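The values are calculated or read from the model by the stated rules, or taken from the named source; none is laboratory data. None of the values given here were measured: they were computed from a predicted structure. Don't worry about glycine lacking a Cβ; one is built from the backbone with ideal geometry, like all the others, and counts go over all protein chains shown.
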Protein chains: 2
Amino acid sequence: MTQSLNIALAQCNFLVGDIPGNTTLICQQAAEAAVAGADLIVFSELALTGYPPEDLLLRPSLQRRIDTALEQIAAASSEIAIAIGYPWMDNDVLYNCAAVWYRGEELGRYAKQYLPNYQVFDEKRYFTEGIDSCVIPFRGHQLGLTVCEDVWFDGPVDDAVNAGATLILNLNASPFHMGKLEERVELMQRHATRCKVPLLYVNQVGGQDELVFDGSSFAISAEAHCVLQMPSWQSALGYVQLQDQQLSAISASQLAREDDLASLYQALVLGVRDYVNKNRFPGVVLGLSGGIDSALTLAIAADALGPERVRAVMMPFTYTSDMSKSDASLQAEAMGVRYESISIEPMYREFMAGLSDNFAGLAVDTTEENLQSRCRGVLLMALSNKTGYMVLTTGNKSEMAVGYATLYGDMAGGYGALKDVYKTKVFALADYRNSISPIIPQRVIDRPPSAELAPDQKDEDSLPPYPVLDSILERYIEHDDSADSIIAAGYEREDVMRVIRLVDVTEYKRRQAPIGVRVTRRGFGRDRRYPVTNGWKAGV
Amino acid sequence: MTQSLNIALAQCNFLVGDIPGNTTLICQQAAEAAVAGADLIVFSELALTGYPPEDLLLRPSLQRRIDTALEQIAAASSEIAIAIGYPWMDNDVLYNCAAVWYRGEELGRYAKQYLPNYQVFDEKRYFTEGIDSCVIPFRGHQLGLTVCEDVWFDGPVDDAVNAGATLILNLNASPFHMGKLEERVELMQRHATRCKVPLLYVNQVGGQDELVFDGSSFAISAEAHCVLQMPSWQSALGYVQLQDQQLSAISASQLAREDDLASLYQALVLGVRDYVNKNRFPGVVLGLSGGIDSALTLAIAADALGPERVRAVMMPFTYTSDMSKSDASLQAEAMGVRYESISIEPMYREFMAGLSDNFAGLAVDTTEENLQSRCRGVLLMALSNKTGYMVLTTGNKSEMAVGYATLYGDMAGGYGALKDVYKTKVFALADYRNSISPIIPQRVIDRPPSAELAPDQKDEDSLPPYPVLDSILERYIEHDDSADSIIAAGYEREDVMRVIRLVDVTEYKRRQAPIGVRVTRRGFGRDRRYPVTNGWKAGV
């Protein structure tokens, strides 16, 4: 009969690059867990640096900073063993490591064997693969270490079990996308079923630029039961007990399986909150148009930061309907955010006057529409510069995909809440948010979408209906489907070719877009690296 | 005595993604070389797709397109053997291949063994490493294939020679940075000295987004002499003859070793020319301020595209000096480009009026400076939208590094000619360009740099002198030196810490900057992947 082991799972929100601050947080969590009776606390992948540290891993002082942090970790390990991830340089080769510290000593160190280098991941840019498993004896148990991607293959878990591991620790930095939670639990259950070993999955939580990490850490028994499910979207400590290979929860599971929309909404809220707070902006300012994108963005911002840190500005022009003005002000009032209106007519008029010689005799085209949008961008940026409030952009993924957005106009800003949310999901999210409390006027949801940049303009005058558009986009962007296979799935050739062409030729706009929270399997950030100069033609 | 072999080195300018167009060009070059008596023609790395194809390599129709192209290559190989690079999928695994086609057959195919995944390179995102050398018997000679990065290690050349290679073909896509030409020749000479084998180095030429490829292909004899040096910055066919292991040039070497400034200037011209032409812009428009950055950018644009495709716009405000106005118009006249002046005073005034409630009682700060810059950006973008001319930005690397640039203002545009050129190099390049023909007024070069966004403003009021600034920046950005080591090299601690802090906190601006030609070992593009949200602090 083995000694019983109490283990804490530490789901923390780190600030990338802030090694001293992250170390302090880790030591605090370890102390709290020790007081609660834990013998071992497990942190996430690269906890000391936060994830992903990107090219900070190339800084010459990295190892010195890590060494300093490890002295503190060592000192904090007198009452509790600490399993933690950090970068480790050995003979000029950098590894993505996990190690266990106890009573001032490093009991063992493991180097990640599978380095993801796809989608948003660039780990082979920095790290070399480890080749050995690492099993650490601790109080009669055998701790097998793995890091994130390792468990998406059988080898590392198998090797650790073959080397005697009686418990698998898996340290993660696994970004959210819709549907990922179930994938992870099923994956770990398969390992338990195959290897008859309990596993702990510890993930970080929080927003980091375009990535948002949901946490959602959990524990799987050797019988493949999920004995503990920790919450998503918040920092948390969870506790389990291991006795005679039986894993059981000490803390209660805190997560009912959330529906997709609730989870998606929380992802957007956390993405905005962490970007704004970690970059120390006092608040955000956004253009409120009376349309659904800015309405939903305002709701997300107010939920993320509190209404007192959010300002909304209506910037009407000739084509702005009374309905838009009234809905915008109603919503701002319902949410308790500061609201004001500044007309762009005088600036627009002066630009057109300055350009009159150049534009004489030329037809009105999208130039004039872009000019309206840019007057709004300049106003918002002036308010931002003067107050320190960051401009939150309101564009959605459907618009960003086909380039229905104005560079330096509505695309001007620091962060995009809806950048990776298709228009059809924007509608669904607005309904979802109103189901909690009715803050978006129903008319904003029901009216046909319009940029209001020309008389009686409607989005669907120049694009397929949004359900069709979004479905084509998802197939092309997220699933890499070819034009032919999308057409074969039942879409009109003309629609498909037009949409793909718009996506292809507007890469230059996305290249200059603000970052925004990623919630799909392929966002328009590090995920999708297309050349701007590009002679590829779809469907040939 | 072996049969003599006449070999063509084909230095082509491909359009990334345009597999049919590139294939046509390849077949034309092969036909031309055959007529000239060549037995074998050697193209560059991934010639069918151009380099780098980035995520186009993930498109499902890639292999079908490659297959179609190879049918044409096969048909073009009846009179001449064709050595060429392309991506090749084998059992769902993608390789970066080089192959030799002759009389409709593939004589052999090699997979690149060393995949660069650092700096601007992401090859491990797409490709799997090859493990075997490939030596192809051809007319009594043994052709050993290597691809680019392979020759930066000894193994692939050694293995090919041990397998009997009597000539090494090295297919490259090697981007330019200052000083790289000598590195490459010396590298290949070392292989020749070690292995007693001749080597052909074939590189592509041309601009592709931020990268510019110089060409500069060459041939090294078994005695380590550079027997043929092909030109930089232009497409070319070069010819050598191999007989009894003696490699000799048939064509004349076309390149005197150019000095750094001439080479750098050509890189900038080619980067701008290819970005504009490959993206099919009719021309470019830029803001001409009377300062040196826009003066040099105008010269580059006119040299790249011809003056008839370039428009310059002066956009004066209260702080614009008469000297600036007169120098701008003098330069435009000297270069024969269309020039006009549009005052930003009326737009600026209306923005300030619209913001007067918000700004009441608040001090004047950089908000008002940014507003001037953004009025100019909006004007240029309106001209661009109406005419199709692309806005060329004029900011230099020193400014981009410390964030002395306005998002959506002077940073608005499609491409930055000087994005990777430090201010001290801007001065040197202006002198260099004037040494060919005097087109930049001397006063523009001699006057102290000023953004002219406030009364009597000078750049060096708020920054260290440019020689000091640029030296600190180069150490920090390109060499990853720590603050301590820069200080130890003799710079003031206060300057160093201030400059590093400015670089660190302005990442968000660079993330939205237009792309621009890369000419150093680390530009602000794919090279430098820093988080925006970043708790790293220099010098702690």
Q. When residues of region B:521-540 are filtered for being more than 15 Å from A:ARG280 (Cα to Cα), over 28 Å from the mean Cα position of the chain (by Cα) and surrounded by 18 or more Cβ atoms within 10 Å (Cβ to Cβ), how many remain?
A. 1
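Let's see how each residue does on (1) within 14 Å of another protein chain (Cβ to nearest Cβ); (2) touching a residue at least 60 places away in the same chain (Cβ under 8 Å):
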{"site": "B:TRP101", "(1), (2)": "no, no"}
{"site": "B:ASP122", "(1), (2)": "yes, yes"}
{"site": "B:ILE131", "(1), (2)": "no, no"}
{"site": "B:CYS134", "(1), (2)": "no, no"}
{"site": "B:LEU145", "(1), (2)": "no, yes"}
{"site": "B:ASP150", "(1), (2)": "no, no"}
{"site": "B:ASP158", "(1), (2)": "no, no"}
{"site": "B:VAL161", "(1), (2)": "no, no"}
{"site": "B:THR166", "(1), (2)": "no, yes"}
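Please pick out the residue among A:LEU145, A:LEU171 that is touching an Asp or Glu at 6+ places or on another chain (Cβ under 8 Å) and under 29 Å from A:ARG518 (Cβ atoms). Quick ask: steps written out before the conclusion?
Numbers: A:LEU145 fails: touching an Asp or Glu at 6+ places or on another chain (Cβ under 8 Å).
None of the other options fit; the residue is A:LEU171.
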Q | Residues within region A:204-262 that are farther than 24 Å from A:LEU418 by Cβ and among the acidic types (Asp, Glu), tallied | A | 2
**Q.** Total residues in region B:495-540, condition free of Cβ contacts under 8 Å to residues at least 12 places away in the same chain and closer than 14 Å to A:GLY414 by Cα
**A.** 1
Q.
Among the residues of region A:199-220, are any more than 27 Å from A:LEU270 (Cβ to Cβ) and not assigned by TED's automatic domain parsing to the domain that holds A:ASP274?
A. no
Q. A:LEU46 passes all but one of (1) among the aliphatic types (A, V, I, L, M); (2) touching a residue at least 60 places away in the same chain (Cβ under 8 Å); (3) in contact with a Leu (Cβ under 6 Å, 6 or more places away or on another chain); (4) within 14 Å of another protein chain (Cβ to nearest Cβ); which number fails?
A. (3)
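Tally up the residues in region A:508-540 that are within 18 Å of B:TYR530 (Cα to Cα) and either modelled with pLDDT of 95 or more or not basic (Lys, Arg) (or both), please.
The total comes to 13.
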Q) Taking region A:91-123 as the region of interest, how many residues are within 27 Å of A:PHE138 (Cβ to Cβ) and over 29 Å from the mean Cα position of the chain (by Cα)? A) 9
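How about region A:395-404: which of its residues are within 14 Å of another protein chain (Cβ to nearest Cβ) and surrounded by fewer than 24 Cβ atoms within 10 Å (Cβ to Cβ)? Talk me through it step by step, then tell me what you get.
Going residue by residue through region A:395-404, those that are within 14 Å of another protein chain (Cβ to nearest Cβ) are A:395, A:400, A:403.
A:GLY403, the sole residue that qualifies.
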(Q) Consider region A:168-189. How many of its residues are in contact (Cβ under 8 Å) with a residue 24 or more places away in the chain and within 23 Å of A:LEU115 (Cβ to Cβ)? (A) 14
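With respect to A:GLY377, is the statement that it is at positive phi and in the same structural domain as A:PHE281 (by TED's automatic domain parsing) true? Steps first, answer last, please.
Values: at positive phi: no; in the same structural domain as A:PHE281 (by TED's automatic domain parsing): yes.
No: the conditions fail for A:GLY377.
Would you kindly identify the helices (runs of 4 or more DSSP H) lying entirely within region B:308-372 that contain at least 2 residues that are touching a Phe, Trp or Tyr at 6+ places or on another chain (Cβ under 8 Å)?
Numbers: elements: B:322-335, B:345-354, B:356-359.
Fully inside region B:308-372 and qualifying: B:322-335, B:345-354.
Tell me which residues, restricted to region A:304-325, are modelled with pLDDT of 95 or more and either surrounded by fewer than 22 Cβ atoms within 10 Å (Cβ to Cβ) or over 22 Å from the mean Cα position of the chain (by Cα) (or both). Outline the logic, then answer.
Step one: filter region A:304-325 for residues modelled with pLDDT of 95 or more, giving A:304-317.
Across region A:304-325, the qualifying residues are A:LEU305, A:GLY306, A:PRO307, A:GLU308, A:ARG309, A:ARG311, A:ALA312, A:VAL313, A:MET314, A:MET315, A:PRO316, A:PHE317.
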Q) Scanning for something buried (at least 17 other Cβ atoms within 10 Å of the Cβ), within 14 Å of chain A (Cβ to nearest Cβ) and not aliphatic (A, V, I, L, M), does region B:444-462 turn up at least one residue? A) no
Q) Any idea which of (1) within 14 Å of chain B (Cβ to nearest Cβ); (2) over 30 Å from B:ARG338 (Cβ atoms); (3) crowded, with 18+ Cβ neighbours inside 10 Å is the one A:PHE351 doesn't satisfy? A) (2)
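Select from region A:492-540 the residues that are among the hydroxyl-bearing types (Ser, Thr, Tyr), within 21 Å of B:ARG125 (Cα to Cα) and more than 7 Å from chain B (Cβ to nearest Cβ) and list them in ascending order.
We begin by selecting, within region A:492-540, every residue among the hydroxyl-bearing types (Ser, Thr, Tyr); these are A:506, A:508, A:520, A:530, A:533.
Next, from what is left, pick out any that are within 21 Å of B:ARG125 (Cα to Cα): A:520, A:530, A:533.
Result: A:THR520, single match.
Would you confirm whether any residue within region A:376-385 is modelled with pLDDT of 95 or more, in contact with a Pro (Cβ under 8 Å, 6 or more places away or on another chain) and surrounded by fewer than 24 Cβ atoms within 10 Å (Cβ to Cβ)? Walk me through how you get there before you give the answer.
Filtering region A:376-385 for residues modelled with pLDDT of 95 or more gives A:376-385.
Then keep just the ones that are in contact with a Pro (Cβ under 8 Å, 6 or more places away or on another chain); that gives none.
Checked against the condition, which is being modelled with pLDDT of 95 or more, in contact with a Pro (Cβ under 8 Å, 6 or more places away or on another chain) and surrounded by fewer than 24 Cβ atoms within 10 Å (Cβ to Cβ), region A:376-385 yields no hits at all.
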Q. Only one residue in B:GLY413, B:GLY377, B:GLY403, B:GLY409 is under 24 Å from the mean Cα position of the chain (by Cα) and under 26 Å from B:ASN279 (Cα atoms). Which one?
A. B:GLY413
Q: Given the conditions (1) in the same structural domain as B:VAL269 (by TED's automatic domain parsing); (2) closer than 30 Å to B:LEU211 by Cβ; (3) not basic (Lys, Arg), report the number of the one that B:HIS479 does not fulfil.
A: (1)
(Q) Residues that are over 27 Å from the mean Cα position of the chain (by Cα), in a strand (DSSP E or B) and within 30 Å of A:ALA483 (Cα to Cα): does region B:142-159 have at least one? (A) no
Q. Taking B:THR424 and the conditions (1) touching a helix residue (DSSP H, G or I) at 6+ places or on another chain (Cβ under 7 Å); (2) under 30 Å from A:GLN372 (Cβ atoms); (3) polar (S, T, N, Q), which numbered condition does it fall short on, given that it satisfies the others?
A. (2)
Q. Do the conditions hold for A:ARG273, that is, is it over 28 Å from A:THR166 (Cβ atoms), within 14 Å of chain B (Cβ to nearest Cβ) and assigned to a loop (DSSP other than H, G, I, E, B)?
A. no
Q) Are there any pairs with C-beta distances below 8 angstrom linking a residue in region B:457-482 that is within 18 Å of B:THR520 (Cα to Cα) to a residue that is aliphatic (A, V, I, L, M) and in a loop (DSSP other than H, G, I, E, B), with the two at least 6 apart or on different chains, and if so which? A) B:LEU469/B:LEU463; B:ARG475/B:ALA489; B:ASP481/B:ALA489
Q) In region A:400-501, which helices (runs of 4 or more DSSP H) lie fully inside it and hold 1 or more residues that are in contact with a Gly (Cβ under 6 Å, 6 or more places away or on another chain) and not aromatic (Phe, Trp, Tyr)? A) A:483-488
Q) If you check A:LEU392 against the conditions, is it touching a strand residue (DSSP E or B) at 6+ places or on another chain (Cβ under 6 Å), more than 13 Å from every other protein chain (Cβ to nearest Cβ) and within 25 Å of B:LYS509 (Cβ to Cβ)? A) yes
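Pull up region B:360-380, narrow it to residues that are of a type in the set (S, T, N, Q) and within 7 Å of chain A (Cβ to nearest Cβ), then point me to the one that is nearest to B:ASP456 (Cα to Cα). Explain how you work it out, then say what you get.
Step one: of region B:360-380, the residues of a type in the set (S, T, N, Q) are B:366-367, B:370, B:372-373.
Filter once more, keeping what is within 7 Å of chain A (Cβ to nearest Cβ): B:366-367, B:370.
Numbers: B:THR366: 15, B:THR367: 18, B:ASN370: 17 Å.
Filtering region B:360-380 for residues that are of a type in the set (S, T, N, Q) and within 7 Å of chain A (Cβ to nearest Cβ), the one nearest to B:ASP456 (Cα to Cα) comes out as B:THR366.
Identify the residue in region A:18-40 that is outside any loop (DSSP other than H, G, I, E, B) and either touching a residue at least 60 places away in the same chain (Cβ under 8 Å) or under 18 Å from B:VAL532 (Cα atoms) (or both) and, among all such residues, is farthest from the other protein chains (Cβ to nearest Cβ). Give the steps one after another, and end with the answer.
In the first step, residues of region A:18-40 are kept if they are outside any loop (DSSP other than H, G, I, E, B); the result is A:19-35, A:40.
From what is left, the residues that are either touching a residue at least 60 places away in the same chain (Cβ under 8 Å) or under 18 Å from B:VAL532 (Cα atoms) (or both) are A:19, A:21-22, A:29, A:32-33, A:40.
Numbers: A:ILE19: 8, A:GLY21: 6, A:ASN22: 8, A:GLN29: 17, A:GLU32: 22, A:ALA33: 24, A:LEU40: 27 Å.
Applying the filter and picking the extreme gives A:LEU40.
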